[in-house]
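The values are calculated or read from the model by the stated rules, or taken from the named source; none is laboratory data. Quantities reported herein were computed from a predicted structural model and do not represent experimental measurements. Backbone-built Cβ (ideal geometry, glycine too); neighbour counts: all protein chains shown. We work out accessible area using only protein heavy atoms, side chains counted, and drop any ligands, DNA or RNA first. Shrake-Rupley method; radii C 1.70, N 1.55, O 1.52, S 1.80 Å.
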Amino acid sequence: MRMRMLAALPGLRESRAGPGVRDMPPQVSAGHGRPATWRNRLAAASLVAALGVLLPIQPMTAQARITPEDTALRLLDIGTTAAGSYLAGKYAMRQRDYEAAAQLLERSLQLDPRAPGVVPHALALFISTGDWEGAEALARRIVRSQPRHRLARMVLGIMAVQRNRFDAARGHFIKAAAAPIGVLSGGMLAAWTWLARPDLREGLESLKILDSYPAFAAFRNYHEALMADLAGHTVRAASTYERAWRENPGSMRLTYAYGNFLRRQGQVKKALAVYRRFLREVPDNAVIRAELEQAQEAPDRKPPAMIRNARDGMAEALFSLTSALMDERSFDSALLHVRMTLALRDDLHVAWMLLGEIEEALGRRAQALQAYRQVPPRHPLHADAQLRSARVLYLLKRTDEAVRALRQLTKQRPDDDRALALLGDILRAEKRWQEATEAYTAAIRSLDKRQRRSWRLLYYRGITYERAGKWEQAERDFRAALDLEPGQPSVLNYLGYSLIERGEKLQEALDMVRRAVQARPGDGYIIDSLGWAYFKLGRYEDAVRELERAVSLMPTDPVINDHLGDAYWMVGRRLEARFQWRHALDGRPSPEPELKRKILDKLAHGLPNTPATKEPQQPEKETSAPLASETPRKPRG
């Protein structure tokens, strides 16, 4: 484990947003702003961004896009020998189908109990899928030959805790405390076993193992405060909480724990100050917002303790580590540790949310959906869990279920702009323009129109208006979005391109597209938009220059290659034009049927030299430096 990750404070990933709900709508990417032939792709591309698929997700290979169901059906019948089962299991692991992989490796061990290399892989798979009975059996087998195997010892320790055998668990955790991640995980859990007696002195002494790595100081301070709190040493707990919180007021879990402690001590005003300090940075955090509201509505009511016993403390320690692993995008390791967390405390609903996020990051959407559905209706994260569930349903191509779920959520929470925005995104992707417009309108109505984040809603509603042929309303929304977010490149690009297509306000439109390119000089879509604008204005040499740049950035895109072919044709480079059109037919993604038909027609008959739109006559404004769009650049391929 890299030390940079281990410098993270426990649970710090929630400091930027709610636990496991980063980048929820409407905090969405604006897409590239492409009308006309780009419209269908824009709807899909901006939806992907809006749904958060670009969140913490590793790029998946072509093989990894195979669904788990496909993998299981194909592979479970292949493994009829030990070697075959092992190889099929390894393949299933690469496809992230851990359930099928676990069955295949288990079969391999049944056929050949001494098969080398199978047991450690099978252990990780059993943990990842929550099969603790199978994991314990393999762990006992592993430690006979590898007594300090970290993962096996962690499994045995957790199983001992489940049986309330804390002294035995401590022995396992101590043996797991090797290397940085082992010191952190095994060390914290070993220390917490002393609190089962309870013996705070021994627990704190055991926690000193973290001092061997200065980066672990934040973990130690946090868990020292939790231990003192559980043991009833309120003076020590108060001072340690205060020190830890002042060093890191942006940690959601620490804020939650400290506020919980203060309210139980009758220090409600101070608890409110702690909550408000956090919410200034993360105003939409549902968990801390709920704590603040409860403290305000019932200041005399003392909440139940966050940590009820030593087992809860161990779960919190593992959750802290899981959060840090997620910040490092170590998704497979994070999956193991969040499963350990839930094995110790299955009512830790932030952990279920985190499990869902991890499963999504690994491309395991059906499993993510199961995790999100574990969050109960009364929990502050329930609405976020429903939003994520709806998004996953859509990505699983269960569109009707996703729409129904969001409509139900908007009835329950009519002012939840996130649910309305996501509903609009899905309906827009499905080309249900009127329904999408209505959803965006309701979302905009729920927000203060002066809020900067509402520019996205105006932009997306503008797209639905434009696609529905309501240009006047579309232009009004695009300009309103620019009033809130001046210079926003996606809006500039979409509006500018649309005006050029319509032959309106040409000088202003061309300037908009140029400004968009200046803001995103490496965006192939927007550069293509400028090139196509030049083409529509009859400036074919300028069009060639910009479209060559766009193709160098996105060499397989069929629309950009088609545009460059058109530009080559108009400047007399006919062979190159035909090459680009053929290249467009082989593009990725595959060209849409209408585009493919047009390309085939051009390959057969060429492109007629139709008159171009007239270039505006008024002089262009001088600039102090050349725009990025006006700087020729040699194509890269």
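For a straight C-alpha distance cut-off of 18 angstrom, the aspartates and glutamates reachable from K397 (same-chain residues fewer than eight places away being disregarded) are E69, D70, E359, E360, D425, E430.
For D167, D327, what's the largest-to-smallest order of accessible area, 1.4 Å probe? Don't skip to the end; give the middle numbers.
On the way: D167 90, D327 50 Å².
Result of the area sort, largest leading: D167, D327.
Packing order of peptides 587-597, 271-281, highest average first: 271-281, 587-597 (average count of other Cβ atoms within 10 Å over each peptide's residues).
For segment 398-553, compute the number of Lys pairs whose alpha carbons are separated by less than 23 Å, excluding pairs fewer than 8 positions apart on the same chain.
Numbers: K411/K431; K411/K449; K431/K470; K449/K470; K470/K505; K470/K536; K505/K536.
Value for segment 398-553: 7.
Rounded to the nearest 20, the size of the Cβ-charge dipole of segment 316-385 about its Cα centre is 220 debye, with Lys and Arg at +1 and Asp and Glu at -1.
Residues in segment 329-339 carry Karplus couplings, in order, of 6, 8, 5, 5, 5, 4, 4, 4, 6, 6, 5 Hz; the curve used is 6.51 cos²θ - 1.76 cosθ + 1.60 with θ = phi - 60°, and Gly or Pro positions show x.
Note on K269 and D284: the model spin-label points, each 7 Å out from Cα along the C-beta direction, lie 3.4 nm apart.
Order the following by accessible area, largest value first: K431, K90, K602, K269. Probe radius 1.4 Å; ligands, DNA and RNA are ignored.
Working: K431 105, K90 60, K602 20, K269 175 Å².
Most to least solvent-accessible, the answer reads K269, K431, K90, K602.
In sequence order, segment 139-149 has phi-based couplings of 4, 5, 5, 5, 5, 5, 9, 10, x, 10, 5 Hz under the Karplus curve 6.51 cos²θ - 1.76 cosθ + 1.60, θ = phi - 60°, and Gly or Pro positions carry x.
What shape does segment 480-573 take by its C-alpha gyration tensor, where a ≥ b ≥ c are the square roots of the eigenvalues and a/c under 1.5 counts as rounded, a/b above b/c as prolate, and the rest as oblate?
Working: a/c = 2.46, a/b = 1.50, b/c = 1.64.
Because a/c hits 1.5 or more and a/b fails to exceed b/c, segment 480-573 counts as oblate.
The alpha-carbon atoms of segment 304-420, seen along their principal axes, cover 43, 34, 20 angstrom, with the largest extent given first. Take every Cα-Cα pair in segment 354-468 and report what % of them are more than 23 Å apart. Tail of P(r) above 23 Å: 31 percent of Cα pairs. 3J(HN,Hα) along segment 437-444: 4, 4, 5, 5, 4, 5, 5, 5 Hz, from the Karplus curve 6.51 cos²θ - 1.76 cosθ + 1.60 with θ = phi - 60°, whole Hz, x for Gly and Pro.
Sparse packing (at most 15 other Cβ atoms within 10 Å of the Cβ) combined with a DSSP loop state is found for the following trypsin sites (Lys or Arg not before Pro) in segment 313-346: R329.
On a 1.4 Å probe surface of the protein chains, which of S108, S330 comes out largest in accessible area, and what is the full order?
Values: S108 0, S330 45 Å².
Ranked list, largest accessible area first: S330, S108.
Sorting 541-547, 254-260 by average packing, meaning the other beta carbons within 10 Å per residue, from highest down gives 254-260, 541-547. Both numbers refer to the Cα atoms of segment 112-182; Rg and Dmax are 11.8, 35 Å.
If you stretched the chain out fully between D332 and E202, how much longer would it get, using 0.36 nm times the residue separation minus the C-alpha to C-alpha distance? Display every interim value, and only then the final one.
Values: separation 130, 0.36 × 130 = 46.80 nm, distance 3.31 nm.
Additional length available on full extension: 43.5 nm.
Placing pseudo-labels 7 Å out from each Cα toward the beta carbon at Q434 and R141 gives an inter-label distance of 6.3 nm. Looking at segment 134-165, the trypsin sites (Lys or Arg not before Pro) that sit in a DSSP loop and have at most 15 other Cβ atoms within 10 Å of their own Cβ are R148, R163. The loop-placed trypsin sites (Lys or Arg not before Pro) in segment 366-428, going by DSSP, that have at most 12 neighbouring Cβ atoms within 10 Å of their Cβ come out as R378, K397.
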